[in-house]
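Engineer: Take a look at this one; I'll ask things after.
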Amino acid sequence: MIAVEGLSARAGAFRLADVTFAVPQGGYGVVLGPAGAGKTTLLEAIAGLATHVGGTVRLAGRDVSREPPEARGVGLVYQHAYLFPHLGVAENVAYGAADADAAREAMARFGVDALAGRRVGTLSGGERQLVALARAAARRPRVLLLDEPFGALDPRRRARVRHEVRALHREWGLTTLHVTHDFAEAGLLGDVLVVLEAGRVLQAGAPEAVFRRPASPSVAAFLGAENVYAGVARAEVASGGLPPADDAERVLVFEGEGLTLRAVTDREPGPCHAVVRAEEVVLARAPHASSARNALRGVVREVHQAGALARVMVDVAGTPVVAALTAGSAAELALREGDAVWASCKAHAVHLC
Amino acid sequence: MSGRLAARLWTVLAALAGSALLLFLAAPLAQLVASGGAAGLRGLFDDAELRASLLLTAGTATAATLLGVVAGTPVAYLLARRPFRGRALVAALLDLPLLLPHPVAGIALLLVLARDTPAGGALLALGLRVVGTPAGIVAAMLFVSAPLYVSGAREAFARVDPRYEGVARTLGDAPWRALRRVTLPLAARGLGAAAIVMWARAVSEFGAIVVLAYNPKVASVLSYDRFTTYGLREALPVAAVLVLLALVPLALLRAAREEA
């Protein structure tokens, strides 16, 4: 496992502050964050390469906070590979390999055995990345730290290597922490998602939970939620047909930016933000029959077709509400700019933070 | 005047200024080699004093360079890689000898290494006399040329991304092993170039050596000695051979750069 608690570390002028999260033994953690958030520094701090300031790093149950990098049992793959340019491909993979068999196996797994005799300077970006993965795997680490390792790969090779990394992680029960900019990659690979910004963890948890229930409007915006509104939530006088909320949850009415939305939530009334993912917004020509839904009347302002999806921007009392539809649904509705439309979403789909 | 014409005029002026400087630098050296080169090369065979002087120069410069490399490499690495309190002061101290007039450097060394000083006395007790010996020549060469090596080596280390060493550490290397297996090979070309520059500077040193050890005579001192004792004609062969000797490290540096 990787358990980081109150970790503060320094790399040059950058400072990582009070970072706490855990990836269970054999789990796959994904770190998302904007450029300059400290993602690489976080990996370096776990590997023991950044100056430790405070807090603890536990790997496989052992406190390694004061141990040197060579004693931590981590494999680190940087975005730029950092293959040793004075050595050949085979020498790079064998550099820290557990034994000769481990080096051979790692080269075969990542399909770089054919490159064994090549000089590093002759490799393409994608080949370098594969060799770097093989080099890290050949050491048989307990924890694998990946810093955007698929960045230089073409889409076909990316899918294959992603599969290999996932297989390596599964077969060896290898706890992995993976830095990426790619939301799809985060959703596809991660058991735990850590959102980092300016050296601090904004939120950590299961990817589904983080995507659906972001802890703050900045996390929501960073994770691509297009409908984020500021306002105030108050208790509803009568629940009027909404599904019964459990003990911890209640129905609140959110009002802000000209919208009124009912939300099933566990938070207290007060100032907050409402977040509705575009995929949760349904469009119709007529209002939805169920009172369990929030129904907002608006006018279509923009229809943007992108492959199999269409994004429709609806103007509701001067506030934009974005809906993501399948191309089929959009064609069926035959929406055009200026059309009147009803945008609806379930109260459970309105997240207050 | 049109912009294009002005640009052409500036190009011509720049070319003229550059050519004049090149001529100013090359003409005296070419004249020196043309006047004394043949006699100097002949002297390598029939002038025992010149031969001994050149061997002494090369030997002491090599010894000074080896000492500079051994002691200067760790300092250069620390300056390039590890932020520490007083780093700027250490860097300034290392650069200071480059700014001193060289006889001043010799006088400063004399104040520390003469036999009536604590350090000179201690070295004498160990059987090492500095003033007026090859050890003194090495000390003078080291003092004036080691800063050049440290500066070049520091740049060579700074050019190697520290993440290479970091990756080596995660692959099981202790710090020294990572330095030996990764950083030193990657910085080797730059370190070699810095050592060549140091050696060349040591060979050409005169001012500090002449204060600390006039005898035995290195080539620069011999050239000066013959000039003041016998005149220009006798000094020419030694001076010309020194110019030719300086071409050796220049060629080595050029070859290293082209290979890079």
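Engineer: By counting other Cβ atoms within 10 Å of each Cβ, how are A:R250, B:R8 ranked from fewest to most? Let's see the in-between values first.
Structural biologist: On the way: A:R250 18, B:R8 11.
So the ranking, lowest neighbour count to highest, is B:R8, A:R250.
Engineer: For chain A, rounded, prolate or oblate, judged on the Cα gyration tensor with a ≥ b ≥ c (square roots of eigenvalues), a/c < 1.5 rounded, else prolate if a/b > b/c?
Structural biologist: Prolate is the answer for chain A, as a/c is 1.5 or above and a/b outweighs b/c.
Engineer: Two decimals is fine: what is log10 I(q)/I(0) at q = 0.18 Å⁻¹ for the range A:74-164, from a Debye sum with one equal scatterer on every Cα and no solvent?
Structural biologist: Log10 I(q)/I(0), no solvent term: -0.69.
Engineer: Which of rounded, prolate, oblate describes chain B, given a ≥ b ≥ c as roots of the alpha-carbon gyration tensor eigenvalues and a/c under 1.5 marking rounded, otherwise prolate only if a/b is larger than b/c?
Structural biologist: Verdict is oblate for chain B.
Engineer: Under a point spin-label approximation (7 Å from Cα along Cα-to-Cβ), what is the B:A255-B:R129 distance to one decimal in nm?
Structural biologist: So the two model labels end up 4.0 nm from each other.
Engineer: Could you let me know the centre-to-centre spacing of the range B:143-179 and the range B:13-31, using Cα atoms, in angstrom?
Structural biologist: Spelled out, the Cα-based centre of one part sits 38 Å from the other.
Engineer: Here's a follow-up. Just to confirm the filter: which trypsin sites (Lys or Arg not before Pro) across the range B:28-87 are DSSP coil and have at most 12 other Cβ within 10 angstrom of their Cβ?
Structural biologist: In loop regions of the range B:28-87 (DSSP not H, G, I, E or B), the sparsely surrounded trypsin sites (Lys or Arg not before Pro) are B:R85.
Engineer: For each of B:W199, A:W172, count neighbouring Cβ atoms within 10 Å of the residue's Cβ, then give the residues from fewest to most.
Structural biologist: Ascending number of Cβ neighbours within 10 Å: A:W172, B:W199.
Engineer: Another one. Between the range A:262-328 and the range A:97-111, what is the C-alpha centre distance in whole Å?
Structural biologist: Using only Cα atoms to place each centre, the spacing works out to 51 Å.
Engineer: Okay, moving on. So, in nm, how far is label A:S216 from label A:A306 when the simple model puts each one 7 Å beyond its Cα toward the Cβ?
Structural biologist: So the two model labels end up 2.5 nm from each other.
Engineer: Quick check on the protein assembly as shown: take the gyration tensor over C-alpha atoms, sort the square-rooted eigenvalues as a ≥ b ≥ c, and tell me if it's rounded (a/c under 1.5), prolate or oblate.
Structural biologist: prolate
Engineer: Stretch A:A13-A:D191 to full length: gain in nm at 0.36 nm per residue minus the Cα-Cα span?
Structural biologist: Difference between extended and current length: 60.9 nm.
Engineer: Say each of B:L93 and B:L22 gets a label point 7 Å from the Cα, pointing the same way as Cα to Cβ; how far apart are those two points in nm?
Structural biologist: My value for the distance between the label points is 4.4 nm.
Here, each number is a calculation from the coordinates, and none is a lab measurement. Treat the numbers as computed from the prediction; the structure is a model and nothing was measured. Using ideal geometry, Cβ is built from the backbone for each residue, glycine included, and neighbour counts are taken over all protein chains shown.
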